[in-house]
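Working notes for the structure below.
The values are calculated or read from the model by the stated rules, or taken from the named source; none is laboratory data. Given the structure is predicted, the values throughout are model-derived calculations rather than measurements. Every residue, glycine as well, gets a Cβ built from its backbone with ideal geometry; the counts of neighbours run over all protein chains shown.
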Amino acid sequence: MKSVKKIDFFKNIRQVREFDFGIFYYFDGLVISEMKEGVIFGWKMAERAIKGAHEVFGEDVPIAYISNRINSYFVIPTDWIKFYKNRHQLYFYSVVGSTRGNFLSVFFERLFFRNSLRKFTDLEEAIEWSIKEIKNKKDLA
């Protein structure tokens, strides 16, 4: 698995925010996360990352999110309900990972995530798809 810091696309970075649970990379309309090993990612952590996105992009910009699962960690799938109750909007969500555990987690996340969730085994393919989708969304607006 590739870290976002090791691919050519990293040169487009707007901001990096490092939290105790992981690192979030903010690009134009795109957020890529790399969580730390063993983290149980829940709503309180998500709120901090969302606040960072709002500070970087503003609140009315379509955003794509890529979870680059270079480490093994857990997501609390039911916390997506809290995401929506707080009126947050995530237009495109993709997961990059190659282990069975990653895709089992995606299965549970799909139960609670309202929009399309895509899975990839290659980070650069996920970025390409996300950028295309964000561009299409902006063109339709």
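Look at (1) farther than 16 Å from A126 by Cβ; (2) at pLDDT 90 or above and you find that F27 fails only one, number (1).
Find the residue count for the stretch 1-50, including only residues that are assigned to a loop (DSSP other than H, G, I, E, B), touching a Phe, Trp or Tyr at 6+ places or on another chain (Cβ under 7 Å), hydrophobic (A, V, I, L, M, F, W, C) and under 16 Å from Y73 (Cβ atoms). Qualifying residue count for the region: 2.
A single member of K132, K137, K119 is modelled with pLDDT of 65 or more and either within 18 Å of F41 (Cβ to Cβ) or part of a strand (DSSP E or B) (or both), and it is K119. At pLDDT below 90 and of a type in the set (D, E, K, R) - does that describe any residue in the stretch 58-65? Checked the stretch 58-65: at least one residue is at pLDDT below 90 and of a type in the set (D, E, K, R).
For the stretch 1-38, which positions are of a type in the set (F, W, Y) and closer than 20 Å to K51 by Cβ?
We begin by selecting, within the stretch 1-38, every residue of a type in the set (F, W, Y); these are 9-10, 19, 21, 24-27.
Answer for the stretch 1-38, where residues must be of a type in the set (F, W, Y) and closer than 20 Å to K51 by Cβ: F19, F21, F24, Y25, Y26, F27.
Restricting attention to the stretch 37-83, the residues that are touching a helix residue (DSSP H, G or I) at 6+ places or on another chain (Cβ under 8 Å), of a type in the set (D, E, K, R) and farther than 22 Å from V4 by Cβ total 2.
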